[in-house]
Every structure is written in C-alpha cells, then in structure tokens.
1. Consider residue 70 carefully, then state whether it is closer than 23 Å to residue 191 by Cβ, surrounded by 16 or more Cβ atoms within 10 Å (Cβ to Cβ) and in the same structural domain as residue 102 (by TED's automatic domain parsing).
2. Can you confirm whether region 40-61 contains a residue that is in contact (Cβ under 8 Å) with a residue 12 or more places away in the chain, within 26 Å of residue 185 (Cβ to Cβ) and in the same structural domain as residue 23 (by TED's automatic domain parsing)?
3. Could you check region 63-102 and list, in sequence order, the residues that are closer than 26 Å to residue 174 by Cα and over 43 Å from the mean Cα position of the chain (by Cα)?
4. Checking residue 355 against (1) at pLDDT below 90; (2) surrounded by 15 or more Cβ atoms within 10 Å (Cβ to Cβ); (3) in contact with a strand residue (DSSP E or B) (Cβ under 8 Å, 6 or more places away or on another chain), which test does it fail?
5. Give me a count of the residues in region 232-281 that are surrounded by fewer than 17 Cβ atoms within 10 Å (Cβ to Cβ), more than 41 Å from the chain's Cα centre (by Cα) and either modelled with pLDDT of 80 or more or more than 16 Å from residue 324 (Cβ to Cβ) (or both).
6. Would you be able to tell me the number of residues in region 418-427 that are surrounded by 16 or more Cβ atoms within 10 Å (Cβ to Cβ) and either assigned to a strand (DSSP E or B) or within 26 Å of the chain's Cα centre (by Cα) (or both)?
C-alpha cells in the first residue's frame, strides 16, 4: 500500500498541489494555504446561509466575495499554478473581514490571527510580512477600540493604555512567529540542501558504478579479440609481438580508467609522474592502440604530425588516457568506413592536439556542459555503443591539472573537433 492510500481526507486536502518534486519550503506554504482554505471557507458558507435567512444582503455579498476568494485559492492549489495569487487572496480576504467587522461589529477581527499565521508562511520577504501583520494588528486594535462605550469621554492616557494592552501582545505574537519562521526555514533550507546533495551523490554513485561496469569492456574486448587472433595461429612472430603490445596497452588502459574513476573526486589528485617528452614521438607510440580501436567499424585513424618539436612536461599515462578517451569517443560517434584525423601543431606557449571526426556531432544545447560530470547524460554511438558521460569530465580534469585546456567545436550531423592544449616545456 502506498503512502497516499494511508492518508485520510484531511491529510489529502492539505497535500493538494504537492508534487513529488515540490521543495520542502513550498510544501509548508501549500499546507498552510490549504489549512487556511479548510478553516475559513466553512465559516463563510455558514455566515452566508445565516445572512440570507435574515435578509442581510450586504454581509451576504461580503460572504460571496469571500467564497469567490476561497474558490480562487482552491483553484491555485489544485492546479499548482499562479502561486503569486495566494498572497492576493490572503490580502483580499483580510480587507473583506475588516470591512465586515467594522460595519457589523461581528467580532470577525479575531480571524485576523489566523490570517497573520498564514501570512508568516506565504510572504517571501520578512518586511512584507511585518508590514502586513503590523497593519492588520493596528486595524484589530482600532476595531476593538470602537467597541468601547463612551470612548470620546475617556482620558487620552487611558485610551493609549487600552491600545497598548491589545497591541503589545499582538506585536509579541507577530515577532515570535517571525523568529519561528527564521529558525524553521533555516532548518528546512539545510534539510533540503542535504537532501539534494544526497540525491546527487546517489545518482553519481549509480553512474560511476555503471561506468565501472561498462567502460572497461572496451579494452577487455580488445584483449579478447586480439587473443583470438593469436590463437588462430596464422600470424608471424612480428605480428604476434605487435598484438602482444596492443594487449599490454589495452590492459593498461583499463587499469588507468579504474584509477581515474577512483581519483575523480579527489581534489588532491595532481600530476605527480610528469616527465619531459617530445609529443609527436609519444603520439606515434600510442598510434597502434588508437588504430586498433577503429578496426571493428573500419574507421581509419590518420595522424598528421607537425614539423615542429613539441616538448611537454606531462604525466604520460594520464595524457594517454585523455587521448584514448577522445579517440574512443570519435570512433563511437563516427560511421563505418569514415576517417578520424589526429593532428598536432605548435602554438605560442602551447602544444595543440586536435581530434577530428565526421560523425553525428553534438547538439548545440549539449555542448555547453559537455565536460561536466554527467552534465550531458548518456549518448549512444552509431553502432549502439553505450556511454555514461564520465570520459570527457575526466579528460578536462587531467588537462587542467597539466595547466592546459580542452575545447570542443561541433555541428550536429557533420562531426566534432576536440582540441587539447598543453603548455610547452621550457627548460
């Protein structure tokens, strides 16, 4: 049995307009507003019946106006729209009560206390609440004062004392409510923030677990495929040696992925294994493993080296992880028999490495947060390959730890260009 079925009619009415994603503070506003409707509308209906019975048409008209206000309030709650009307409804009902109380002296001003109680939740700003509550309290004092017999004959000092006796308890009530709201809403904000962080942490945990379960399949499947080729026995020793090297690269890639996942949220995860290398030469050593990634989809990996030397000081394993992620993504989102181009060039103070594909591209609305952790969500490749959105976030973290930057340019349906810039090493 669900929680909704266990609620009684009163609780269900209080929860009118409350959705699964409604914030804690908005839930309290909905509860208070619905309680205000539940308490006030029966009195308006009863008063209308009594006034019509006694042919008191003007107060009956006031009751009808009140019922119209309550109907608008109920419509706002049921439809969960135009919530700004809640304050207007409260103020209009307060004014109607003031008018009826002044004309008929029916002690309706005591309903002001309920209205002040509702106002503490419905008004966003403290000054708005204080302005409303203090004005309502002053009107309450004035109305009660008009009930005093022979008021014009009383000394000014006694009139002032009478006003203070009524106003000061109301002022204390108003300030106590404001203090309660401040403390209560502060705790609600903290609880809501903690709940949001918990939901995000849970989502992040599930996505990371999904990535751990899925992404290592690429290097592991590479190892399995290479092993089958070797077992076929139709390879020369030179070819076998080449494939053994690819196995080593694939297993190392899987290990690096696991390390990156473990280190992703550690702010102290800085590059500690940096060494000076010439990037063109290093890229040529990585090329065989990149080439192998495109074989299954018959995608050519074309590397274009610049004529300039590109000395950089990098953690080779981690930058390889960046390049492997970019190439894997390019293969994933490229069509069969297409081409991926990796080219290098020298820029002022930077070595620039660009990975270009002619695949499906990235929608413009997703490019803005593509490097955020899980910011762009899951996307399937051209052959149905599944991704979990962590790779580019890891790339960004690694590149920034090297004091570099990574950017993307893409047009949907025409391809994507990822550019990595790493500071040149100046000894």
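1. Working: closer than 23 Å to residue 191 by Cβ: no; surrounded by 16 or more Cβ atoms within 10 Å (Cβ to Cβ): yes; in the same structural domain as residue 102 (by TED's automatic domain parsing): yes.
Judged against the criteria, residue 70 is not a match.
2. Within region 40-61, one or more residues are in contact (Cβ under 8 Å) with a residue 12 or more places away in the chain, within 26 Å of residue 185 (Cβ to Cβ) and in the same structural domain as residue 23 (by TED's automatic domain parsing).
3. Once the filter is applied, which keeps residues that are closer than 26 Å to residue 174 by Cα and over 43 Å from the mean Cα position of the chain (by Cα), region 63-102 yields 98, 99, 100, 101, 102.
4. Against the list (1) at pLDDT below 90; (2) surrounded by 15 or more Cβ atoms within 10 Å (Cβ to Cβ); (3) in contact with a strand residue (DSSP E or B) (Cβ under 8 Å, 6 or more places away or on another chain), residue 355 comes up short only on (1).
5. 15
6. Result for region 418-427: 6.
Residue by residue, here is whether (1) crowded, with 22+ Cβ neighbours inside 10 Å; (2) assigned to a helix (DSSP H, G or I); (3) in contact with a helix residue (DSSP H, G or I) (Cβ under 7 Å, 6 or more places away or on another chain); (4) without any contact (Cβ under 8 Å) to a residue 24 or more places away in the chain holds:
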site	(1), (2), (3), (4)
292	no, yes, yes, no
302	no, no, no, no
308	no, no, no, no
313	no, no, no, no
325	yes, yes, yes, no
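Rundown of residues vs (1) farther than 29 Å from residue 22 by Cβ; (2) at pLDDT 85 or above; (3) in a helix (DSSP H, G or I), yes/no style:
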residue	(1), (2), (3)
168	yes, yes, yes
176	no, yes, yes
184	no, no, yes
188	no, no, yes
200	no, no, yes
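The values are calculated or read from the model by the stated rules, or taken from the named source; none is laboratory data. For clarity, every value in this text was computed on a predicted model and none was experimentally measured. Here the Cβ is made from the backbone with ideal geometry for all residues, glycine too, and neighbour counts use every protein chain on show.
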